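Written below as structure tokens is the structure these notes are about.
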Amino acid sequence: MKRRTLALLLCAALATTLSACGGSPAASSDAPASSSPAVTVPPVEDLTDVDTSSIPGLEDGVFTVGMECAYAPYNWMQMTDANGAVPISNVPGSYANGYDVMIAQRICEAYGWELEIVSSEWDSLTPAVQAGTMDANICGQSMTAQRMEEVDMAGPYYYANIVCLTTRDSQYASATSIADLAGGTCTSQSGTIWYDTCLPQIPDADILSPADTAPAMVMQLQTGTVDFVCTDLPTAMAAAARDDSLVILDFSGTDGDFQFDNEQERAENVNQGIAVQKGNTQLRDAIDVVLSALTREQLNAIMDQAIAIQPEI
């Protein structure tokens with residue numbers, strides 16, 4: 001039985017003016033600078049008059065969401081409820097925060113659901129949704145064709161460029177294409193398109209075993225175990241915000257970018273969705289109603305807020 005955990009209100013700052021984030025093609029970035037016009041995130045639409053009691057898993061009004069709680073800026077664990085953090089039901093005394101939590105809060109606020117956050121290892125997230133242990137995973141999962149054979153996905157709830165992250169003093173710091181990364185030692189997170197599809201495209205790359213988590217991946221870069229890592233832009237921005245020795249390499253929109261067979265395949269691997277149990281179209285559609293009220297720029301603004309409040313680690 002799911003523990004009933006009172007959903008905390010979405011951070012008030014999200015209703016104020018935030019700056020949208022974005023990467024520049026073929027450019028290295030020392031920090032997550034933002035040059036876009038200010039973007040206002042709209043208030044949450046009140047959908048509490050909608051009867052959601054027949055949605056599988058939501059009969060008790062509790063929305064149980066799985067995430068790693070170790071994947072900043074999407075989600076992380078902290079020891080206080082600062083900045084609107086939510087208790088982690090299976091880790092007493094700890095709290096979850098980050099972009100994924102903010103999105104989950106927004107969904108719950110719209111429908112009047114209570115929010116329960118469960119910390120789970122990456123490889124356990126999809127099986128948990130399939131088994132009905134979680135109502136949804138909000139954890140930075142790409143909407144790949146393979147994944148959508150296993151679960152249904154609402155969204156996208158974020159659009160993430162694929163980038164590389166290196167150190168300022170690296171010979172690869174001035175790279176303008178994946179060809180310039182040839183021969184480098186590298187890694188990425190396990191079970192991701194970055195490790196399985198992107199790194200093998202780099203000529204003569206020395207690809208080490210995948211890291212279990214995003215922090216472990218970044219640690220390998222910081223300790224000199226690898227020359228660079230492949231990840232998505234928010235993860236790279238969050239790492240660079242904490243460590244000014246890191247440099248982001250964004251080849252998006254250039255011939256030197258990672259390649260896919262077609263634009264549909266690229267979209268599948270850049271667009272990120274919210275996983276629900278296969279066939280639970282009622283929950284998927286209810287989530288999509290909330291997500292559809294937000295533009296890409298507004299989602300970027302929420303991500304900016306998550307990066308701004310991430311804890312120092």
Filter the range 280-313 for residues that are closer than 21 Å to Trp113 by Cα, among the small types (Gly, Ala, Ser) and open to solvent by less than 60 Å² (accessible area, probe 1.4 Å) and give the result. Ala286, Ala293
What number goes with the only condition from (1) over 17 Å from the mean Cα position of the chain (by Cα); (2) polar (S, T, N, Q); (3) not in a helix (DSSP H, G or I) that Gln264 does not pass? (3)
Those residues of the range 221-246 which are touching a strand residue (DSSP E or B) at 6+ places or on another chain (Cβ under 6 Å) and not in a strand (DSSP E or B), in sequence order: Leu221, Val226, Asp227, Leu233, Ala236, Ala239, Ala240, Ser245
Taking Ala275 and the conditions (1) among the aliphatic types (A, V, I, L, M); (2) closer than 25 Å to Pro127 by Cβ; (3) in a helix (DSSP H, G or I), which numbered condition does it fall short on, given that it satisfies the others? (3)
The range 33-74 - residue that is hydrophobic (A, V, I, L, M, F, W, C), touching a strand residue (DSSP E or B) at 6+ places or on another chain (Cβ under 7 Å) and modelled with pLDDT of 95 or more and, of those, surrounded by the fewest Cβ atoms within 10 Å (Cβ to Cβ): Val62
Looking at Ala154, Ala160, Ala214, which one is closer than 28 Å to Ala136 by Cβ, touching a Lys or Arg at 6+ places or on another chain (Cβ under 8 Å), aliphatic (A, V, I, L, M) and open to solvent by less than 50 Å² (accessible area, probe 1.4 Å)? Ala154
So Ala179 fits all but one of (1) open to solvent by 30 Å² or more (accessible area, probe 1.4 Å); (2) in a loop (DSSP other than H, G, I, E, B); what number is the exception? (2)
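Quick grid of which residues meet (1) surrounded by 24 or more Cβ atoms within 10 Å (Cβ to Cβ); (2) on the phi > 0 side of the Ramachandran plot; (3) not acidic (Asp, Glu):
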| residue | (1), (2), (3) |
| --- | --- |
| Trp76 | yes, no, yes |
| Val91 | no, no, yes |
| Ala96 | yes, no, yes |
| Glu109 | no, no, no |
| Ser119 | no, no, yes |
| Gln130 | no, no, yes |
| Ala136 | yes, no, yes |
Among the residues of the range 119-149, which ones are over 16 Å from Gln277 (Cα atoms) and at pLDDT 95 or above? Ser119, Ser120
Per the list (1) under 19 Å from Tyr71 (Cβ atoms); (2) assigned to a strand (DSSP E or B); (3) open to solvent by less than 10 Å² (accessible area, probe 1.4 Å), residue check on Thr166 breaks on (1)
Selected residue (only one of Asp250, Asp206, Asp196 is open to solvent by 10 Å² or more (accessible area, probe 1.4 Å), more than 28 Å from Ser124 (Cβ to Cβ) and of a type in the set (Asp, Glu)): Asp206
For the range 219-234, give me each residue that is more than 23 Å from Asn75 (Cα to Cα) and touching a residue at least 60 places away in the same chain (Cβ under 8 Å). Asp227
Given the conditions (1) at pLDDT 95 or above; (2) under 20 Å from the mean Cα position of the chain (by Cα), which single one is not true for Asn271? (1)
Of the conditions (1) open to solvent by 50 Å² or more (accessible area, probe 1.4 Å); (2) touching an Asp or Glu at 6+ places or on another chain (Cβ under 6 Å), Gly184 satisfies every one except a single condition; which number is it? (1)
Just the residues that are among the small types (Gly, Ala, Ser) and more than 16 Å from Asp232 (Cα to Cα), please, taken from the range 250-278. Gly256, Ala275
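The values are calculated or read from the model by the stated rules, or taken from the named source; none is laboratory data. Note that the coordinates shown come from a computational prediction; the quantities given were computed from them, not determined experimentally. A quick note on method: Cβ atoms are made from the backbone with ideal geometry, for glycine too, and the neighbour counts reach across all protein chains shown. When the accessible area is computed, the model is the full protein with side chains, heavy atoms only, and any ligands, DNA or RNA have been set aside. Shrake-Rupley method; radii C 1.70, N 1.55, O 1.52, S 1.80 Å.
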